Amino acid sequence: MGNAKIKAAKVKVLQPPEGTSGLDGRVHVYVFDVFNQAFLEGKPFDTVERAVAFQRHEQERIYTEQEAIPELFDLPFISSDPDLVTRIERDAAYREQLIRELGSEARGRARRH
């Protein structure tokens, strides 16, 4: 049990823009479609540990189902923003920031393989 908490503590939880209201105190696992530069709806969790477990499961499922070079695999990520998909439609700067950040993670993943 303690190991899960240590591993989850090392996970990056993306934060919404400063001053965002409507946060629900939960963590959400979203998927970034790297190839199409799109964000898919998320699944909420009460704890980071549960979100991490789901994120890892999704990552394994994606690697099994998608046939692409590693930097183009869909990328599950964790955010505390319950309205991320809606927010990026309204806020182009926030969308570009997330794409830059998640795109660099995808490129890093390709270098590791």
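Would you check if there is a residue in region 47-56 being surrounded by fewer than 17 Cβ atoms within 10 Å (Cβ to Cβ), among the hydroxyl-bearing types (Ser, Thr, Tyr) and within 14 Å of residue 26 (Cα to Cα)? Scanning region 47-56, I find at least one residue that is surrounded by fewer than 17 Cβ atoms within 10 Å (Cβ to Cβ), among the hydroxyl-bearing types (Ser, Thr, Tyr) and within 14 Å of residue 26 (Cα to Cα), so the answer is yes. What residue, among those in region 31-44 that are free of Cβ contacts under 8 Å to residues at least 40 places away in the same chain and under 10 Å from residue 78 (Cα atoms), is most open to solvent (accessible area, probe 1.4 Å)? Per the stated criteria, the residue is 43. Under the condition of being in a helix (DSSP H, G or I) and touching a Lys or Arg at 6+ places or on another chain (Cβ under 9 Å), the residues counted in region 77-92 number 3. How about region 84-104: which of its residues are under 16 Å from residue 72 (Cα atoms), open to solvent by less than 70 Å² (accessible area, probe 1.4 Å) and free of Cβ contacts under 8 Å to residues at least 24 places away in the same chain? Within region 84-104, 104 is the sole residue that qualifies. Quick check on my filter: what residues within region 60-76 are crowded, with 16+ Cβ neighbours inside 10 Å and part of a loop (DSSP other than H, G, I, E, B)? Of everything in region 60-76, those that are crowded, with 16+ Cβ neighbours inside 10 Å and part of a loop (DSSP other than H, G, I, E, B) turn out to be 73, 74.
The values are calculated or read from the model by the stated rules, or taken from the named source; none is laboratory data. Quick caveat, the model's predicted, so the values are computed rather than measured. In this analysis, Cβ positions are derived from the backbone assuming ideal geometry, glycine residues included, and neighbour counts consider all displayed protein chains. The area values use the complete protein model at the heavy-atom level, side chains included, leaving out ligands, DNA and RNA. Shrake-Rupley method; radii C 1.70, N 1.55, O 1.52, S 1.80 Å.
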